[in-house]
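What follows is a short report on a single structure.
The values are calculated or read from the model by the stated rules, or taken from the named source; none is laboratory data. A quick note: this is a predicted structure, and the numbers were derived from the prediction, not measured. Cβ coordinates were reconstructed from backbone atoms using ideal geometry, including for glycine residues, and neighbour counts include every protein chain displayed. Just so you know, the surface numbers come from the protein's heavy atoms only, side chains and all, with ligands and any DNA or RNA stripped out. Shrake-Rupley method; radii C 1.70, N 1.55, O 1.52, S 1.80 Å.
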Amino acid sequence: MEQNNAPARLDLVAMKKVPADLVVTNGTLFNCFTGEFLEGHSLWIKEGWIAYAGPDPEPLQNDNTRIMDVKGMVLVPGLMDAHTHILNLTGIEEFVRHVIPSGTTTVVTETTELATVSGIDGIKYFVEGIKDQPIRCYYTLSPLCGISQSVENGAPSNSQVFHFLEDSWCLGIGEIYWGNMLLENKQGQRVKELARRALLFGKRVEWHSAGASGNKLQAYTSLGISSCHEPITEEEVLERLRLGYWVMIRQGAIRKELEGVKGIFQQSIDKRHLILCTDSMDPEGFLSEGYLDAAVRDALNLGVPPSLIYQMVTLNVAEHFRLDHLLGSLSPGKLADLVIIPSPQDFSPRTVMRQGQVIFQDGRNLVEPREAVFPENFFCSVNLPEMPVIMPPEKGKVRAIEMVTRLVTMETVVDLGDQWAPGSLNMVLAVDRTGSGESFLGFLKGFGLQQGACGSTMCWDTPDMLVIGCDQSSMETAINRLKELGGGAVYAVGGEVVAEFPATLCGVVSLAPMKEARDQITRFEETLKQNGVPWENPLLTLNTQGNAAIPHFRLTHEGYVRMKDRKVLSLMVSEKQERVQP
Ligand SMILES: [Fe+2]
């Protein structure tokens, strides 16, 4: 492992007794510790490690020493993304290909996506797939939080996953939703035990504390959690900083928070616990904006001091994850991961180096990702024994999910006699696609679909297939096509498939090239918009209807779930069907 593999002779290189392999000279070095940009500085590199970082004296060199004169360009440590999801719609190889040009040489990824469908094998094969890639991929172990008190999404037992914590590439437990952390049942005990075990191993427990404040925030913090990537206001950032959190400001595909929290940068407080992360990027974002480099440029455009920005994506990340003895700064004894940019204000990477090897230069990647391999059964994950019954009641008062924003929902009641018309109300179906065939048919208000049906198997944190539609025939067509494809997203009208995005790996990941995936998603989303859906990224809206992390009213194949108390609720209001799962 590179963690334990520093060459023994770095000190001799620094003392000019042993020649360096590579000398990067005549640069402006960003010092992460002091925030200075130091002109006329050099790095002396031996076997991928930094032996010397300082003013430009003449190093000891021999015929094998390579000199790289960077002519006043700025040297910044390779960027570190503290929280991402590699598998956001596309595969590992495409992620790596598109991250390299961003100057990001280290990412910390969640392990949720395949595990939600394939359990412990999903974690195992994903972890194998991200190892030995041209960028450094650390991971956090997904707690696989379920949406209701009973749903566990095939989460393995703790004893099955504890060994991952012994892996030096595993940095802790991934984002634990705060509603799950304090459940007084088996799931709550499981998640708390996971967190305790991670802390015993000296690892981190990452958190998802959206909306928590006051006593609740303090209570959850007492369980050993030390980061959060959900704050969306300056006040939420400050409250968490004061509790000792490493606060990750998200600026990626799901949300962009910099504008909303920018007041924090004006405050006279210590900002060394601030981090900038993506929380994933999608194909459109990769191709039109970039990755963490885009977040850095957004921060520069907001007027955040460059020295603070570069600390937020290097040293602060390394310190949070206790990797600062290896990464996060350009100083002696650290790995030579670096980015060369024209100036502190212009983050357009010209050269990217990982462990002394140039992996990107002059606008092109110089390395290829390693192919990730998955077993055949990962491509047969849409398992519906029979067509679910799609027969809504014609009248009566029913519960429905109402869209508040494209992600946030609320519980509402509608009278089918008044409102049951496509466009004002859609049907929404959740089907267990792991074999039981159990399903629940509810209603969704405000999604806006005027005709046809859209379905997806790429639903966050649940193996359920979700289908939103106006009529039975279109919904059945979408379901049948998703079965044929082996997963993805489909839009159908009547018996005709109009647009589709195949995602065959566990039904959640496309193995298509990034551009092809982007074009398929664009067509799918444009088709939905042409048919009445007013929301930006309607695929995201569809995929999050069963997600446990976003308030307030969701659904599973068991029924609606009220996120406040995790109760599973039935369709008809008049019946006494509210029940707490054991
Ligand atoms: Fe996340």
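Details
- The set of residues in segment 501-538 that are open to solvent by 10 Å² or more (accessible area, probe 1.4 Å) and at positive phi comprises Gly532, Asn537.
- For segment 238-295, filtering for residues that are without any contact (Cβ under 8 Å) to a residue 60 or more places away in the chain, farther than 18 Å from His320 by Cβ and within 16 Å of the ligand (Cβ to nearest atom) leaves 3.
- Screening the candidates Ser456, Ser510, Ser436, Ser474 for the property of being under 29 Å from Glu175 (Cα atoms), polar (S, T, N, Q) and over 26 Å from the mean Cα position of the chain (by Cα) yields one hit, Ser436.
- Residue within segment 116-127 that is touching a helix residue (DSSP H, G or I) at 6+ places or on another chain (Cβ under 9 Å), under 30 Å from Leu366 (Cβ atoms) and open to solvent by less than 30 Å² (accessible area, probe 1.4 Å) present: yes
- Spans of strands (runs of 3 or more DSSP E) in segment 397-474 with at least 2 residues in the same structural domain as Ala499 (by TED's automatic domain parsing) and open to solvent by 40 Å² or more (accessible area, probe 1.4 Å): 397-403, 409-415, 439-445
- Filter result for Phe378 (open to solvent by 10 Å² or more (accessible area, probe 1.4 Å) and either at pLDDT 90 or above or among the small types (Gly, Ala, Ser) (or both)): no
- Some residue of segment 269-291 being open to solvent by less than 10 Å² (accessible area, probe 1.4 Å) and assigned to a helix (DSSP H, G or I): yes
- Gly202 passes every criterion in (1) more than 16 Å from the ligand (Cβ to nearest atom); (2) without any contact (Cβ under 8 Å) to a residue 40 or more places away in the chain; (3) farther than 20 Å from Arg566 by Cβ apart from (2).
- Test: Thr34 is assigned to a strand (DSSP E or B), more than 16 Å from the ligand (Cβ to nearest atom), open to solvent by 20 Å² or more (accessible area, probe 1.4 Å) and not assigned by TED's automatic domain parsing to the domain that holds Gln133: no
- Checklist (1) surrounded by fewer than 23 Cβ atoms within 10 Å (Cβ to Cβ); (2) within 16 Å of the ligand (Cβ to nearest atom) applied to Pro59, failing item: (2)
- Residue check, Leu144 more than 18 Å from Ala294 (Cα to Cα) and within 16 Å of the ligand (Cβ to nearest atom): yes
- The set of residues in segment 1-43 that are touching a helix residue (DSSP H, G or I) at 6+ places or on another chain (Cβ under 6 Å) and either of a type in the set (Phe, Trp, Tyr) or closer than 28 Å to Tyr138 by Cα (or both) comprises Phe30, Cys32, Gly35.
- Of all residues making up segment 361-375, the number that are open to solvent by 70 Å² or more (accessible area, probe 1.4 Å) and assigned to a strand (DSSP E or B): 1
- Of the criteria (1) modelled with pLDDT under 95; (2) within 16 Å of the ligand (Cβ to nearest atom); (3) in contact with a helix residue (DSSP H, G or I) (Cβ under 9 Å, 6 or more places away or on another chain), which one Cys137 fails: (1)
- Residues that are touching a strand residue (DSSP E or B) at 6+ places or on another chain (Cβ under 6 Å), in a helix (DSSP H, G or I), modelled with pLDDT of 95 or more and closer than 21 Å to Ile401 by Cα are absent from segment 482-497 altogether.
- Of the candidates Ile173, Ile147, the single residue that is in contact (Cβ under 8 Å) with a residue 60 or more places away in the chain, among the hydrophobic types (A, V, I, L, M, F, W, C) and not assigned by TED's automatic domain parsing to the domain that holds Met563 is Ile147.
- Residue in segment 103-124 that is within 16 Å of the ligand (Cβ to nearest atom), more than 17 Å from Leu315 (Cβ to Cβ), outside any helix (DSSP H, G or I) and not hydroxyl-bearing (Ser, Thr, Tyr) present: yes
- Top-ranked residue in segment 248-268 [being among the polar types (S, T, N, Q) and over 29 Å from Glu516 (Cα atoms); ranked as most open to solvent (accessible area, probe 1.4 Å)]: Gln266
- Of the residues making up segment 206-225, those that are surrounded by 22 or more Cβ atoms within 10 Å (Cβ to Cβ) and out of contact with any Pro (no Cβ under 9 Å at 6 or more places or on another chain) number 5.
- Hey, Asp21 assigned by TED's automatic domain parsing to the domain that holds Arg136 and crowded, with 16+ Cβ neighbours inside 10 Å or not: no
- Residue in segment 296-307 that is within 18 Å of Ala82 (Cα to Cα), open to solvent by 10 Å² or more (accessible area, probe 1.4 Å) and of a type in the set (A, V, I, L, M, F, W, C) present: no
- Neighbours by Cβ (under 7 Å, 6+ apart or cross-chain): first from segment 57-77, closer than 18 Å to Phe347 by Cβ; second of a type in the set (A, V, I, L, M) and assigned to a loop (DSSP other than H, G, I, E, B): Leu75/Leu330; Pro77/Leu330
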